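To start, the structure itself, in structure tokens.
Read-outs: derived from the displayed coordinates by stated rules, not from any lab. Just so you know, these numbers come straight off a predicted model, no measurement behind them. Here the Cβ is made from the backbone with ideal geometry for all residues, glycine too, and neighbour counts use every protein chain on show.
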Amino acid sequence: MLDSRLFTLIFAGLFDGRGSVAFFAFDRLGDGPNMLKQVAPRLTPEQYEKNFSDINPPLTQSQALEEGSRCLFCYDAPCIKACPTEINVPQFIRQIGTGNVTGAATTILNANIMGHSCARVCPTSVLCEGACVLNYENKRPVDIGKLQRYAVDSVMDTLKLFEPPADNGKKVALIGAGPASLSCATELRRHGYQVTIFDANPLPGGLDTYGIAAYKLRASDAVREIELVRRLGVEIKSNVLVGKDATLVELEKNYDAIFIGIGLGGTDDLGIPGEDLEGCIDALTFIRETKENPFDKVLIGNKVAVIGGGNTAIDVVTAAHRLGAEEVYMIYRRGEAEASAFKYEIELAKKDEISFIWQAAPAKILGRGKVESLECVKTMLGPADASGRRSPQNISGSEFRLDVDMVIKALGQSKKTEFLQSISGMKLEKGRVVVNAETCQTANPKYFAGGDCVNGGGEVVDAVAHGKKAAAGIHAHLAGKAANMRGTHA
Amino acid sequence: MPDISVNFCGVKSPNPFWLGSGPPANTAYQVMRAFDAGWGGAVWKTIGEPIMNVSSRYGSIDYKNERMIGLNNIELISDRPIETNFTEITEVKKKYPKNVVVASLMVESKQTTWHEIVKRTNDSGADLIELNFGCPHGMSERGMGAAVGQVPEYAGMITAWVKEVAKIPVIVKLTPNVTDIAHMAATVNAAGADAVSLINTINSLVGVDLDTWVPRPIVGGASSHGGYCGPAVKPIALNMVASVSHHPKVNIPISGIGGIGNWRDAVEFMLLGSTSVQVCTAAMHYGFRIVEDMAEGLNNYLAEKGMQSAMELVGKSVNKVKDWGDLNLNYKVIAKIDPEKCIGCNLCYIACEDGAHQCITAAPRPFGDLREGTPAKHMPQIKEDHCVGCNLCALVCPVPQCITMQEIDTGRPPMNWRQLQESRGKNPTCSMDELLAKGASTH
Ligand SMILES: Cc1cc2nc3c(=O)[nH]c(=O)nc-3n(C[C@H](O)[C@H](O)[C@H](O)COP(=O)(O)OP(=O)(O)OC[C@H]3O[C@@H](n4cnc5c(N)ncnc54)[C@H](O)[C@@H]3O)c2cc1C
Ligand SMILES: Cc1cc2nc3c(=O)[nH]c(=O)nc-3n(C[C@H](O)[C@H](O)[C@H](O)COP(=O)(O)O)c2cc1C
Ligand code: SF4
Ligand code: SF4
Ligand code: SF4
């Protein structure tokens, strides 16, 4: 493992103007020339900026009007039904068209407080845009994501979404300041609850701030968006790890209900020899580096092997390439068709000239103190298992070695089982919190939960939908009213 | 190859496409460029005592991505000296003897003044005269333009004065800002006009600026009503042309104007009785080059229809415009959705539900995204026994040919409203439905 001291960053909540959140970071490249076998050549500042520039640049007004005019204003529109937060898409697009951009943003944010980040990070081709009726005519669907961004961006810094009613005297604590909690907190403010969010990280936003690829969403934009939530009177306490800095007992005593939006943990280990060598790191740690440091301060090998076949693996290979690594491998046990990454994400990685090694598994990482090479073995797909998925089997004697400087593990994220089990009465299934599908209430009636810790890892928009649902569930529980599932179906 | 030339009042034009009187036909330079591009004729920007214009002068209506679907102007007639215009007309006719040049005229309502300018026109080489009795703004405040065209007696009188000295055919250009344009056409016909042209622009205020609260176009913090034209006015113009064609006391050729931008528009005007057509806004919007497709499109259309000459088109649809009372009440169509083409937008449903007769059903759409598999196409259904056949759904459906109106055999002989009234008189005890069931032939 890398020296943990070198990872210690001191935050002052300042941004360096390029979107990353570094206040001060060691120059690990100069500091530890022997930490990696070979580091990637440094790029010019302009080149880094270009490589990590918005993958979906914003629309100009005239582009927005032209694109918006393609929307048919469907009735009971399928795009609404395919959005987990049920944003009234035709309505907000029409509002852009009439010049009522504030109204458009309000339509969006009333349904989805994270409308700004969702507009940039949602896999729209399987959500709203995938459902757009224009697809049936083999036409390009309306670019809903970009229009959503157009509407929200223009008023985000000034809009006060609603005037919260007088305090109703009840208090709710939310653990984790990711999309699930932020959404839940917003909805609770509509009913006059006093809400406090606790988060272990220096900055709020959860994976929005620390996990999502920088070319989709910069940390600074994620944090900017959260100001919208704060303006509604939501208190966010950062640097508080619940379980250590604050105890569950304290929270239970001081709050009427508790929402768990803790997300998932780091990536799973590979379980192969050599994982402890310098230069073998976990995907989330790596991505977090790209989000909180200037790009030229991120430690990156010249030849990088990334293990995994999901969207996280794609984010890692593209980031490694954009940071200047000259050879980037993506190694996955199954074939391309079986990879869980969205097709458009794989296409994105192909454009970045990533070397895909399908049907191969890492066997051991070799090196003296630091990663020097990775030994892999070829696999073939065996018969389908109980879940219907064909599990890969190693082909003995097919071992091969890749000369690499870094190995990044991008397997599934681990569950925060230990913390969750410390809550009395909590029921888990495969590490996921079991909740009532209508109310998001857990087996312990005081606790509600949503987001990745419930669905095992979804999208930001799913976490937002859960947050809304949970708020309705909490309100029903505390105010004794029937839960009003205002527009969610996640 | 069909012949697209037309004969208008004995004047041959290489094709029916003329530039209307307006900015595109302001100078010899422009008119010659237009003839080079392929225009058959041009009606010169109205000639009269030179005026002064204001700035700005135009306002427009945009619709979604389309600019200028309606144009409004507060411009007056030519701002160039009378003599310059006539010298240029002579020059153009010399260089382009086969193209039609029409001199558009407007002077104060005095017999001697009119005589003077018509005589000058006779000598210019112009093929035709057009009397501008239509300009709805500015000139009308000075007793010209629409001020003449809105009073049948004045229009007839001035037409007669002009005819006293004119040696070439005289077209009277009519204003649409009247109650009955066909009556006006009949009046000038009786006064000796050789042809009419219509429509001139329609009185309009094109919009109000929401920040300054000044209507557009803005002239130093104020505006004035203007004349409306462009694609938006075409249906109004078509109806006016048809009504003039129908009028029993109009027997002179028509030059159709209003929102024409392509050969299809032109053919529609011709079918309703125009021998030539005039274009202003479209040429202002896109330039003279649009005529290339107009000529080629017309040519191909005639060939497809097996017609020899564009003249065969003139008036073909006039008799198909009937009084409402002559329409068959026993004819019935209902909407049919093609499930292959339907994209499930539900626009037909909501249009019929809120805006028509509640004859379409649509189940609530289920929730779900593509991560849960491809959702089944969600399609509304027509309640066929309820559908009144109004067309609304077919008009709102965004997919071409997806909703078609299909004829239903009602088993009833034709009967129109007039016949129904007669039949009611003869059979006072029968219900309407019984009478309709019998049809017109039985009483
Ligand atoms: C690499 C990567 C890329 C992704 N890309 C996309 C994408 O492009 N589009 C998309 O829609 N989704 C993407 N996702 C998924 C998305 O980020 C998550 O679904 C979403 O952030 C889940 O929100 P959440 O609120 O449930 O949890 P998180 O965002 O994970 O937030 C949980 C928060 O809880 C805090 N926390 C945890 N335990 C404690 C504790 N005990 N005490 C205090 N605080 C605690 C954490 O510090 C964290 O801030 C990506 C995920 C990853 C890992
Ligand atoms: C800017 C402008 C100026 C015009 N000037 C005249 C004119 O001087 N004399 C005239 O008879 N008609 C004038 N017209 C009316 C046009 O000749 C024509 O009748 C009307 O615009 C409808 O045709 P369109 O829809 O093709 O433009 C003018 C129109 C416009 C837009
Ligand atoms: S939140 Fe995401 S899924 Fe919903 S409309 Fe916006 S972009 Fe589409
Ligand atoms: S489905 Fe497409 S066209 Fe219809 S409302 Fe949604 S975005 Fe507009
Ligand atoms: S309007 Fe047309 S495409 Fe839309 S649902 Fe109706 S029939 Fe289908």
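Its Cα centre serving as origin, segment A:133-258 has a Cβ charge dipole (Lys and Arg +1, Asp and Glu -1) of approximately 220 debye.
Residues whose amide H comes within less than 5 Å of that of A:LEU174, counting only those at least five positions distant or on another chain, are A:THR196, A:ILE197, A:PHE198, A:PHE259 (H built at 1.01 Å from N in the peptide plane).
Between segment A:407-476 and segment B:32-60, what is the separation of their alpha carbon centroids in Å? Going from one Cα centre to the other spans 72 Å.
Distance between the pseudo-spin-label points of B:TYR331 and A:ALA200 (7 Å out from Cα toward the beta carbon): 7.7 nm.
What size of dipole, in debye to the nearest 20, comes out for the protein assembly as shown about its Cα centre when the only charges are +1 on Lys and Arg C-beta atoms and -1 on Asp and Glu C-beta atoms? Each step should come with its number before you reach the end.
On the way: 94 positive and 103 negative charges, 193 e Å.
Result for the protein assembly as shown is approximately 920 debye, rounded to the nearest 20.
If you run the Gaussian network model on chain B, springs between alpha carbon atoms under 10 Å, then out of B:THR201, B:THR84, B:THR361 the most flexible one is B:THR361.
Helices in chain B, meaning DSSP H runs of at least 4 residues, each add -39500 (n - 2.57). Divided by all residues, the mean residue ellipticity at 222 nm is -9000 deg cm²/dmol. Phi-derived couplings, Karplus 6.51 cos²θ - 1.76 cosθ + 1.60 at θ = phi - 60°, listed residue by residue for segment A:65-74: 5, 5, 5, x, 6, 6, 6, 7, 6, 4 Hz, with x used for Gly and Pro.
Short-range pairs are left out: with C-alpha atoms under 8 Å and at least six residues apart, the relative contact order of chain A is 18 percent. Among beta bridges from DSSP that stay inside segment B:6-320, the antiparallel ones total about 35%. Each peptide in B:267-273, A:422-428 receives the mean, over its residues, of other Cβ atoms within 10 Å, and ordering these scores from highest gives B:267-273, A:422-428. Considering all C-alpha pairs of the protein assembly as shown, those separated by over 51 Å amount to 43%. The distance from the alpha carbon centre of segment B:373-443 to that of segment A:180-208 is 59 Å, rounded to a whole number.
Quick check on segment B:6-320: take the gyration tensor over C-alpha atoms, sort the square-rooted eigenvalues as a ≥ b ≥ c, and tell me if it's rounded (a/c under 1.5), prolate or oblate. Judged from the Cα gyration tensor, segment B:6-320 comes out rounded (a/c under 1.5). Note that segment B:140-154 has calculated 3J(HN,Hα) couplings of 5, 5, 9, x, 10, x, 4, 4, 7, x, 8, 10, x, 4, 5 Hz, one per residue in order, obtained from phi through the Karplus relation 6.51 cos²θ - 1.76 cosθ + 1.60 (θ = phi - 60°); glycine and proline are x. Less than 18 Å apart at the alpha-carbon level, and either on another chain or at least 8 residues along: which aspartates and glutamates does that give for B:LYS438? The reachable aspartates and glutamates, counting only those whose Cα sits under 18 Å from B:LYS438, are B:ASP326, B:ASP409, B:GLU422.
Relative to one another, the C-alpha centroids of segment A:323-367 and segment B:128-173 are positioned 81 Å apart. The lysines within cross-link reach of A:LYS253, meaning a Cα-to-Cα straight distance under 28 Å and a gap of 8 or more places when in the same chain, are A:LYS170, A:LYS171, A:LYS237, A:LYS244, A:LYS415, A:LYS416, A:LYS427, A:LYS446, A:LYS468, A:LYS469, A:LYS481. If the elastic network links every pair of Cα atoms under 10 Å, which of B:MET52, B:MET157, B:MET139 fluctuates the most in the Gaussian network model of chain B? The residue that fluctuates most here is B:MET52. Between A:CYS280 and A:VAL371, A:VAL407, the built amide H atoms are under 5 Å apart, and every one of these is 5 or more places off in sequence or on another chain. Modelled spin-label separation between A:LYS364 and A:LYS343, with each label point placed 7 Å from Cα along the Cα-to-Cβ direction: 4.1 nm.
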